[in-house]
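The block underneath contains the structure these notes are about, expressed in structure tokens.
The values are calculated or read from the model by the stated rules, or taken from the named source; none is laboratory data. Worth saying up front: this structure is predicted, and the values here are computed from it rather than measured. Neighbour counts are summed over all protein chains in view; Cβ atoms, including those assigned to glycine, are modelled from backbone coordinates with ideal geometry.
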Amino acid sequence: MRYSAFSIVRNALSGNLNWRPQWRQPQPKSHYDVIIVGGGGHGLATAYYLAKEFGVKNVAVLEKGYLGSGNVGRNTTIVRSNYMLPGNEPFYEFSMKLWEGLEQDLNYNVMLSQRGVIMLYHSDGQRDAYVRRGNAMWMEGVSAELIEREQLKKMIPFLNYDHARYPILGGLLQRRAGTARHDAVAWGYARGADQHGVDIIEHCEVTGIRRENGVVTGVETSRGFIGCGKLALAAAGNSSRVGEMADLKLPLESHVLQAFVTEGLKPCIDHVIVYGGGHFYISQSDKGGLVFGAEIDGYSSYAQRGNLATAEHVMEEGVSMIPGLSRVRVLRAWGGVMDMSMDGSPIIDRTSIDNLYLNCGWCYGGFKATPASGYCFAHLIARNDTHPVARALRLDRFARGYAVDEAGAGPQPNLH
Amino acid sequence: MSAYRLSSGGLVDRSKVLSFTFDGRPLRGLAGDTLASALLANDQLLVGRSFKYHRPRGIVSAGPSEPNALVTLGSGARSDPNTKATVAELYSGLTAKSQNRWPSLGFDVGAVNGLLSPFLGAGFYYKTFMWPRQLWEKLYEPVIRRAAGLGRAVLERDPESYEKSWAFCDLLVVGGGPAGLMAALTAGRAGLRVILADEDFRLGGSLLSETETIDGSPASAFADRVAAELRSLDNVTLLSRTTVFGWYDDNVFGAVERVQKHVAEPSAKLPTERVWRIAAKRALLATGAEERPLVFGGNDRPGVMMGGAIGTYAERYGVSAGKSVAIFTSGSSGYRTARGLAARGMSVSTIVDSRPDAVDAAPDGVRVVRSGSIIDTKGSKRLSGIVVERSGYEELIACDALGMSGGWSPVIHLACQRGGRPVWSEDLKAFAAPDVGGGLRVIGAANGVYTLSGCLRDGAGKAAAIAEELGFHAAEAPLPVIDAEVEPSFAALWYVPGAKSKAFVDFQNDVHAKDLGLALREGFGHVEHAKRYTTSGMATDQGKLSNINAVGILAGMRGVSPAEVGTTTFRPFYTPVSFGALAGTSRDTHATPTRKSPLHEWAKKNGATFVDSGLWFRSAWFPRGGEKTWRESVDREVLNVRANVGICDVSTLGKIEVFGVDAAEFLNRLYCNPMLKLPVGKARYGLMLREDGFVFDDGTVSRLADDHFFVTTTTAMAGAVMSHMEYCAQALWPDLKVRFCSVSDQWAQMAIAGPKARDVLQQLLDEDISETAFPFLSARATALRGGINARLFRISFSGELAFELAVPAGYGEAVADQIMEAGRAHDICAYGVEALNVLRLEKGLLTHAEFDGRVTPDDAGLGRMFSAQKPDFIGKHLSARYGLTAADRMQLVGLKLVDKDKEKDMRAGAHLLKEGMKPSTLNDQGWVSSAGYSPVLGQHIALAFLKSGRERYGEKIVVWDRLRDHEVTAEVCDPVFVGSENTKLKA
Amino acid sequence: MASLITCPHCGVRPKEEFAIRGDASLVRPAPSASDEAWHDYVYVRANPRGRTVEHWHHVAGCRRFLVVERDTVTHEVYSVVDAAAAVRGAER
């Protein structure tokens, strides 16, 4: 069923009784050409592009919980391509371009809102680092603007210009960046993949990876053995656990990152604003809640819940940047399990096992990467060849000395 | 006029009249009222508009679960949007405004959405607004954003203050109702350190609305008695107006106390709110139970309320919700409410009971319709009647208030915040708390115990057990006596069939039963999907009233038990908490600590302009009369250092004393260059790597004795280097005999640099510091004339003859004064970090502008420092990787502007392109790390990292700053612009 | 765990006094060890779901590195010992 204003009117006139499920609930077949482990944004996007762009349609996505139950439904919805390193920027810009056509491609409104992401700077050194980044973006053909203090005051008058511990001197703005409705991304890809024949199998937990003669033959699951020609892992925070089933040892630590939403408010924050005096970032959802977050809790964890000290620190940064947040009430906090990599950048690669493919290490950056991650992973799976924009994101970069360390923090995951 | 204040009764002070306004209208209430009870007493039932359809909405509850009665309290910078009128304590001068309506509450244009509702079903926005794409940000989204949202945040600076406090106790009791009070009393009498936190402004919980008597007197009197005794116990802390919002690891609870949210003129001496972190050995959850609304046609009409809430308004506040009250119930609680109202003299006309076989006794004169359903309600902005259906017959019954009672759900939110999932109980027909171990136990109605006597017994019993566990003894005490009680019973009724208009599940978000049907039809039958697709339970009340019915409806439609549907996840916060409370005092200039150098006052009196540098304030430059721009000052300072002498505060550098027989070995393993044979009395520049081979930090190492070193770090990395050293000493090589401590704050350190530095400094010292006696890279402990202990280093960050002098921090200012005095004849000037930066730039020396965490020693031109001969040091092994040694790595170079036009400059952050090449990531040749004007050379210079840069001296390169539309051509050169022969340094 | 840590030197202290360094099960290889051993030490993590050991640094306390043995799912802490003592114990 194609979605449009017309379909809404037509269905309304028949009492909205004729809408169909957005994706099927198929029984798993005994064998697929490709099995994707993980029914989050990346797994679903991979399945979608495999079927649509690369003609691989005999595909299953196995999800241990409900579809989209991981980080795709538990993030701060920010979409941007304002990276500095040549290993990252082309990849995220490729993603940004896919975002820009995603609604038409999927026939699903993921509410991409290109409201602009601005990262504030508070010192000359920080400005210089952002200038370096902005110019790296321009090198890739991505427009960026340096907004100086007086201009910023007009644009975002409610920032802490007068009493800040670290003076707000300006910001680096990417106008094309913004937000998207996170759940809709999962649902839209699921619907799209389903329409191209992909089987999305929820509540199907992979418990083992069967190998014969050094290649994967299928997976043991809570719903029985399912055979496959190729196996692709997109298990985010659980990547180490799934990898372990194939004796892979990965450069990952799982960490909890909290995000928060306030009570609904009338429109008051029109951009995504990132605080340079800390890690705080905030935007307003179309429903009115202010959605925000900051740094990870710091210890390795598989629990989808955070600690109070970190939450308090997030609020401190928020009020430091926008004093007027003080009386706004925070409604809900949630925690996501981040697959933090050793250089803060993701991994899309083959593995030592010929038909086993890996997609992990998304750290904080998974949501914005969803389209490119899916596309590049599908490219890799279908063609056994790395997509050009993902060349720097290979697993062997650590052994070869080509870490993509955007933060320059070195091999300690909780510093990225 | 239908809702009104009863002529007597209630726990309000009828002698204390409080005036307040609602939407500008002056109204009066009584001390002891909430805003909601006062509004009701003024017959102001309509208080808000719903989120999506802008439907008129009235007060539904009498507590924190309220979905509808959200108002903005206060005005200007003191606005509190989305405040629940049902928990807002009334005070004189309170101003309240309704929300989400335009132009007025009575006439709201947004209500047109209601007419369009067939087109605006759950998730409609995912299916449209996709064409043309540009219109989303320009048209569709702004319209949606404006229509959505509730209250308005002013985003002005909050004039009030907040604070935080830790508390520790043996037992935390959450909730001051019958179970909680009894538990606190039992534990308090047994001697435990008890904290009782209750969200209300008056202790007692349901006792304050209770119609039963305890020991023959009103339940509220019992609550007062217990509260008084608790107050008299030193080991008990009562925190009223305090909501426990979260349960965290190690039995730590977060709570927020509204210290003065209930006063018109807050005292500046008190915080407005205070966040408590309560570390409790044990905790008892006594949070009561929530009555369930019924999902029937027209159930959102103002005047339709929770049955228990109507009872509470009558009993506690002496307010009647209507002239003629009807009750719709699926259990005995509706009858109990009716009896209470009748006892207060209110008119109860009808009880509609969904059950066919109820045996509960109705008050005299109240008609009971068994097997009855309400299928619609009448009235516009206020209920005027209900359409009751029974056995196919419909009847319109007039009433102006309707109490709903669909049974009870224990409030178990906190118990489920750490991963435990609620457990469906067929007995309770509700989700109960999971067993979460001994740290947190549930008592009273939260535990599914619904009689008053049962609650008291449960509270006393579990508190006594905890006392025993913790080594106390609770003496047996007789429990209070309650008159005849009935164990409440009810039938689960998730949805009332036959609805003739919308039957709302989530009032605030306007989710009605059909939305859930649509969600299921479209494949969103999982409880999490249904929530996310319909937004049910996502409003400011987080579904406290609605979630259970949504689960029940989904279960019914899917033909499974609610147990199988399960619940969505309970997460903090139990009720919303302000940013301000959670941030406490850490805001504005107190957001992080401020560090000031021991020479801060000295710099200040010398006219310094300061700049932030991490936590530090550093003197940036010292403007003198007539200088209009910072550049003028900096140029003068630089030239003066090169020509005469300057003094600069370098106290912010990290300073670490290292002792021990293995100190040299330890440092030798820490730095990539050799440290083992550093002679006593000598300093050496040192480079530390991370284990991955990239530069971590640089600094100096001075050997003051065989087993005593003094190490400096950069300002930025002082903390990180100290931690790194501790890690290495403790976790890697604990057998090395080495001890160290940070002395960054103990020493004031100043650089005295310039050709006349020695002449100035010698005046303070008896010791000979001539080139022969104290050559370049000398380091030793000494004493100033007059006896002040000092350390003197012959090190330079400028290429000039230079010393660094360290004196105990307390003497810093006096010594700096003395140096200025001694230097006067030599034209000494104070210089700041800006001049320092230019001086080091001219000399090609590096800072963390260059060492950005991705640079190897060789990249920085310091490859010779990397000691391959040493058997081991941090970072050695992985430095050999291909990627770290590849020939095309970016290497440090200098850049000189080709065009000496003074207007043109180079700026840090620019990238580098070969002449004639198009900008692209592939063509990117490198980047400028530091740039500035060299007053010595009279031109702009820069340090940059350029691919294979050291082979490219003399090449012309484009310095490309597209971000600022700035492009110049520079010549690649050696990064040492000034004094490459080091003659001045070693003079 | 996420709220309180029992430091063997300072007693029960709040989480924010500590900085977390990471996996404490890793052993720094000998200088002559293989490239693979060094790669695994610096870059590969077992990342267990369940029991793990982690280095916590009591930065705002005794400044000792501690080995915290804990559960990454429940956040229960099983033991906290001084890192140096742990290394010496392992060597014995």
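One table, with the values for the structure above:
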| quantity | calculated |
| --- | --- |
| From A:ALA390, A:ALA409, residue being in a helix (DSSP H, G or I) and not polar (S, T, N, Q) | A:ALA390 |
| Number of the exception - B:GLY205 against (1) on the phi > 0 side of the Ramachandran plot; (2) in contact with a Lys or Arg (Cβ under 9 Å, 6 or more places away or on another chain) | (2) |
| Matching entry among A:TRP99, A:TRP138 (being free of Cβ contacts under 8 Å to residues at least 60 places away in the same chain and aromatic (Phe, Trp, Tyr)) | A:TRP138 |
| Scan of the range B:569-589 for residues that are out of contact with any Ser or Thr (no Cβ under 9 Å at 6 or more places or on another chain), hydroxyl-bearing (Ser, Thr, Tyr) and under 16 Å from B:ALA415 (Cβ atoms), ordered by number | B:THR569 |
| Qualifying residue in the range B:356-374 (condition: assigned to a loop (DSSP other than H, G, I, E, B), touching a strand residue (DSSP E or B) at 6+ places or on another chain (Cβ under 9 Å) and of a type in the set (Asp, Glu)) | yes |
| 1 or more residues out of contact with any Leu (no Cβ under 6 Å at 6 or more places or on another chain) and of a type in the set (Phe, Trp, Tyr): qualifying strands (runs of 3 or more DSSP E) within the range A:226-315 | A:252-262, A:281-284, A:290-300 |
| Answer from B:GLY844, B:GLY916, B:GLY909, B:GLY926 - the residue that is touching a strand residue (DSSP E or B) at 6+ places or on another chain (Cβ under 8 Å), at positive phi and more than 14 Å from chain A (Cβ to nearest Cβ) | B:GLY844 |
| Single residue of the range B:137-173 satisfying the filter (closer than 24 Å to A:PHE6 by Cβ and at the interface with another protein chain (Cβ under 7 Å from one of its Cβ atoms)) that is surrounded by the fewest Cβ atoms within 10 Å (Cβ to Cβ) | B:GLU137 |
| Scan of the range B:947-962 for residues that are within 50 Å of the chain's Cα centre (by Cα) and within 25 Å of B:PRO857 (Cβ to Cβ), ordered by number | B:LYS947, B:SER948, B:GLY949, B:ARG950, B:ILE957 |
| For B:TYR727: the one exception among (1) free of Cβ contacts under 8 Å to residues at least 12 places away in the same chain; (2) closer than 26 Å to B:GLY844 by Cβ | (2) |
| Condition check for B:PHE504: touching a residue at least 12 places away in the same chain (Cβ under 8 Å) and touching a His at 6+ places or on another chain (Cβ under 7 Å) | yes |
| Check on B:ALA581, in contact with a strand residue (DSSP E or B) (Cβ under 6 Å, 6 or more places away or on another chain) and more than 30 Å from A:THR310 (Cα to Cα) | no |
| Filter result (in a helix (DSSP H, G or I) and in contact with a strand residue (DSSP E or B) (Cβ under 8 Å, 6 or more places away or on another chain)) within the range A:60-94 | A:ASN71 |
| Selection within the range A:1-46 - within 14 Å of chain B (Cβ to nearest Cβ) and among the aromatic types (Phe, Trp, Tyr) | A:TYR3, A:PHE6, A:TRP19, A:TRP23 |
| Restricting the range B:569-612 to residues that are within 11 Å of another protein chain (Cβ to nearest Cβ) and polar (S, T, N, Q), the residue that is surrounded by the most Cβ atoms within 10 Å (Cβ to Cβ) | B:SER578 |
| Qualifying residues in the range A:272-313 (those that are more than 9 Å from chain B (Cβ to nearest Cβ) and charged (D, E, K, R)) - the one surrounded by the most Cβ atoms within 10 Å (Cβ to Cβ) | A:ASP297 |
| The lone exception for A:HIS255 - which of (1) within 16 Å of the chain's Cα centre (by Cα); (2) facing another protein chain (nearest Cβ under 8 Å); (3) not acidic (Asp, Glu) it fails | (2) |
| Residue in the range B:675-699 that is farthest from C:ARG28 (Cα to Cα), counting only those that are within 14 Å of chain A (Cβ to nearest Cβ) and assigned to a loop (DSSP other than H, G, I, E, B) | B:PHE694 |
| Residues being surrounded by 18 or more Cβ atoms within 10 Å (Cβ to Cβ) and away from chain A (no Cβ under 12 Å) - total across the range B:847-866 | 8 |
| Considering residues of the range A:236-250 that are at the interface with chain C (Cβ under 10 Å from one of its Cβ atoms) and touching a strand residue (DSSP E or B) at 6+ places or on another chain (Cβ under 6 Å) only, the residue farthest from A:ASN355 (Cα to Cα) | A:GLY237 |
| Subset tally (residues that are acidic (Asp, Glu) and either buried (at least 24 other Cβ atoms within 10 Å of the Cβ) or closer than 18 Å to A:LYS29 by Cβ (or both)) for the range A:48-67 | 1 |
| Boolean, B:ALA887 is assigned to a loop (DSSP other than H, G, I, E, B) and surrounded by fewer than 20 Cβ atoms within 10 Å (Cβ to Cβ) | yes |
| Positions within the range A:233-247 being in contact (Cβ under 8 Å) with a residue 60 or more places away in the chain and surrounded by fewer than 20 Cβ atoms within 10 Å (Cβ to Cβ), in sequence order | A:ALA246 |
| Tally of residues being facing another protein chain (nearest Cβ under 7 Å) and out of contact with any helix residue (DSSP H, G or I) (no Cβ under 8 Å at 6 or more places or on another chain) across the range C:60-92 | 3 |
| Number of positions in the range C:5-44 that are at the interface with chain A (Cβ under 10 Å from one of its Cβ atoms), in contact with a strand residue (DSSP E or B) (Cβ under 7 Å, 6 or more places away or on another chain) and without any contact (Cβ under 8 Å) to a residue 24 or more places away in the chain | 2 |
| Residue that is modelled with pLDDT under 95 and either buried (at least 19 other Cβ atoms within 10 Å of the Cβ) or among the polar types (S, T, N, Q) (or both), where the choices are B:THR86, B:THR72, B:THR95, B:THR128 | B:THR128 |
| Residue count for the range B:6-65, restricted to those that are assigned to a strand (DSSP E or B) and either among the hydrophobic types (A, V, I, L, M, F, W, C) or touching a Lys or Arg at 6+ places or on another chain (Cβ under 6 Å) (or both) | 13 |
| Extreme residue, nearest to the other protein chains (Cβ to nearest Cβ), among residues of the range B:727-758 that are of a type in the set (D, E, K, R) and either more than 27 Å from B:GLY810 (Cβ to Cβ) or part of a loop (DSSP other than H, G, I, E, B) (or both) | B:ASP735 |
| Selected residue (only one of B:LEU765, B:LEU761 is within 30 Å of B:ASP827 (Cβ to Cβ) and crowded, with 19+ Cβ neighbours inside 10 Å) | B:LEU761 |
